Structure formats: C-alpha cells, structure tokens
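Asker: The following block contains the structure, expressed as structure tokens.
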Amino acid sequence: MKKMVIFGVGPGLGMSLARKFGANNYEIILLARSRESLRQYCDDLLKENIKASYYIADAASAESVSKVFQKLCADQGHIDLFIYNIGFLEPNRILELTQSKLLKTLQMDVTSGLLSTQIIYKNNDPKMNSDILFTGGGISISPEKSMASLSIGKAGLRSLVFLLAQEFENSNVFVSTITICGGIKSNTHFDPANIAEVYWKTVQDRNQTEVFYR
C-alpha cells in the first residue's frame, strides 16, 4: 500500500483528496493544527475502510513543520505522495497589509511547503517514485486586490513549484501544482470531489508541472 501525506486538511478539498486516494490503495496521513478535527477526519475515513492516521503541525511555524516532518519520515518511511494544501485565506488590501501578515502568508504558502518537501526528499528512497503536488490558485496569475497577501503567496508558491520541477528533472520525483481558477464550493463545477479527480489524473499521468482547473 502506498503512503500519502496531506498537509492542510479540512472538510472540503483535503478530505475529498483523502477519500479519492484512500479508495485507490493509499494509506492516508493527515496534517493540520486541530487534534479534534484530525481525529474526526480519521474516524470518518476508517469508517469507509480507508487506513488513516494524523500528525499535528502548524504551517505558520518553521519549527513545528521541521519537527513534525522529521518524526513523520522516521515513523512512516518512504512517502509516495505528498500534497501541500495550505493557503492563508484572510482578505486584505495591499495598502493596509502589514509586514507581519505578509511574512506569515509567505511562511504558510511558500516556506513551509519548501521545508516539508526538503525533509521528505532527504528521507525518501531515491530509487522509488515520489509525487509532490501543491494546491495553487488562479490568483497567482491574476491577483485580486481584496486578497493581497494570498495573491502574493500563491505567486510565490507557483514559482517554487517550477523551481522544484527543474531540480527534480531526470529523477524519480514528480512535482506539479494544481492551479484552481475559482472558489471551491460543493455542488458546483468547483466541487472538491471534482477537483480531487484532477489530482488523481495528474499523479497517474506524471507529465505536467502545472495543471489548470477552470
């Protein structure tokens, strides 16, 4: 059974990803800040006969990310699939954006994504395939003035993905961003279950550094 780590899980896209991959022979490892929520998500998955466990980590803290991912890799061994599904979603405008808020956004959207990827890469077996996917957004290409920090953060994340893809060229590591060009909402085209299908296809194909969902 393959192992999949999702950093940033909630009842929407995170759990849809867990269900999609868990139903296809992946063991699911969830990471988020809330122990109570993680317990409930794991219980829900186990009821669906999906093997699941969790670790508590805070993407806003480099110390937390480093400590938890070192332990996770020591516990779990090779990680077949890592999905970084983090975004600092607070509305703000650029002229009111504080330095501390922007730095927090960059830590969550970019720096922790890089740090967790570095730790997994260093601990994974280089002879085995591994897939690393990032949840991006159309806001990285077309910034929205009401979501200033997120626009900057997702733009940084997109650059990070392309840089990683260059580094991992001609290796067993596949890197991609799923650029979601719209708000995720159930019972619409942007239903998280629909988007999870795109992640699944991206992992099966392993040939696109960026996949747009419009």
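Asker: Would you point out which residue out of 46, 38 is within 17 Å of the chain's Cα centre (by Cα) and of a type in the set (A, V, I, L, M)?
Answerer: Matching residue, one of 46, 38: 38.
Asker: Related question: State yes or no: is residue 80 of a type in the set (D, E, K, R), open to solvent by 30 Å² or more (accessible area, probe 1.4 Å) and either under 24 Å from residue 199 (Cα atoms) or free of Cβ contacts under 8 Å to residues at least 12 places away in the same chain (or both)?
Answerer: No.
Asker: Of all the residues that make up region 168-205, how many are out of contact with any Gly (no Cβ under 8 Å at 6 or more places or on another chain) and either open to solvent by less than 80 Å² (accessible area, probe 1.4 Å) or free of Cβ contacts under 8 Å to residues at least 24 places away in the same chain (or both)? Quick ask: steps written out before the conclusion?
Answerer: Initially, region 168-205 is screened for residues out of contact with any Gly (no Cβ under 8 Å at 6 or more places or on another chain), giving 168-176, 183, 185, 187-188, 191, 193-205.
The next check asks that each one be either open to solvent by less than 80 Å² (accessible area, probe 1.4 Å) or free of Cβ contacts under 8 Å to residues at least 24 places away in the same chain (or both); those that pass are 168-176, 183, 185, 187-188, 191, 193-196, 198-205.
Matching residues across region 168-205 total 26.
Asker: Take the conditions open to solvent by less than 50 Å² (accessible area, probe 1.4 Å), in contact (Cβ under 8 Å) with a residue 12 or more places away in the chain and not aliphatic (A, V, I, L, M) and apply them to residue 121. Does it pass? Quick ask: steps written out before the conclusion?
Answerer: Numbers: open to solvent by less than 50 Å² (accessible area, probe 1.4 Å): no; in contact (Cβ under 8 Å) with a residue 12 or more places away in the chain: yes; not aliphatic (A, V, I, L, M): yes.
The answer is no for residue 121.
Asker: To continue, here is another question. Report, by residue number, each residue of region 132-161 that is among the aliphatic types (A, V, I, L, M), farther than 20 Å from residue 81 by Cβ and in contact with a Phe, Trp or Tyr (Cβ under 7 Å, 6 or more places away or on another chain).
Answerer: Answer for region 132-161, where residues must be among the aliphatic types (A, V, I, L, M), farther than 20 Å from residue 81 by Cβ and in contact with a Phe, Trp or Tyr (Cβ under 7 Å, 6 or more places away or on another chain): just 150.
Asker: While we're here: Step by step: first the residues of region 1-15, then only those that are out of contact with any strand residue (DSSP E or B) (no Cβ under 8 Å at 6 or more places or on another chain) and either in a helix (DSSP H, G or I) or open to solvent by 40 Å² or more (accessible area, probe 1.4 Å) (or both), then the one that is farthest from residue 185 (Cα to Cα). Which residue is that?
Answerer: 15
Asker: Next question, about the same structure. I need a count of the residues in region 91-118 that are within 18 Å of the chain's Cα centre (by Cα) and in contact (Cβ under 8 Å) with a residue 12 or more places away in the chain.
Answerer: 14
Asker: Let me confirm something: among 52, 32, 18, 23, which residue is farther than 21 Å from residue 117 by Cβ and either touching a Cys at 6+ places or on another chain (Cβ under 6 Å) or buried (at least 22 other Cβ atoms within 10 Å of the Cβ) (or both)?
Answerer: 52
Asker: Please go through region 116-160 and give me each residue that is assigned to a helix (DSSP H, G or I) and more than 24 Å from residue 196 (Cα to Cα), ordered by number. Don't jump to the end; show me each part of the working.
Answerer: The initial filter retains those residues of region 116-160 that are assigned to a helix (DSSP H, G or I), namely 116-123, 138-140, 148-160.
Answer for region 116-160, where residues must be assigned to a helix (DSSP H, G or I) and more than 24 Å from residue 196 (Cα to Cα): 118, 119, 122, 123, 148, 149, 152.
Asker: Are any residues in region 124-157 under 21 Å from residue 5 (Cβ atoms) and open to solvent by 70 Å² or more (accessible area, probe 1.4 Å), and if so, which ones?
Answerer: If the condition is that a residue be under 21 Å from residue 5 (Cβ atoms) and open to solvent by 70 Å² or more (accessible area, probe 1.4 Å), then 126, 127, 128, 129 are the ones that fit.
Asker: Now for a different question. Return the pair list, or none, for Cβ contacts closer than 9 Å from residues in region 28-40 that are in a loop (DSSP other than H, G, I, E, B) to residues that are small (Gly, Ala, Ser), at least 6 apart or on different chains.
Answerer: 33/57; 33/59; 33/60; 33/64
Asker: Ok, one more. What number of residues within region 55-74 satisfy the criterion of being among the β-branched types (Val, Ile, Thr) and either crowded, with 19+ Cβ neighbours inside 10 Å or part of a loop (DSSP other than H, G, I, E, B) (or both)? Give the derivation first.
Answerer: Of the residues in region 55-74, the ones among the β-branched types (Val, Ile, Thr) are 56, 65, 68.
Filter once more, so that each one left must be either crowded, with 19+ Cβ neighbours inside 10 Å or part of a loop (DSSP other than H, G, I, E, B) (or both): 65, 68.
Count: 2.
The values are calculated or read from the model by the stated rules, or taken from the named source; none is laboratory data. Computed from a predicted model, the values in this text were never measured in an experiment. In this analysis, Cβ positions are derived from the backbone assuming ideal geometry, glycine residues included, and neighbour counts consider all displayed protein chains. Just so you know, the surface numbers come from the protein's heavy atoms only, side chains and all, with ligands and any DNA or RNA stripped out. Shrake-Rupley method; radii C 1.70, N 1.55, O 1.52, S 1.80 Å.
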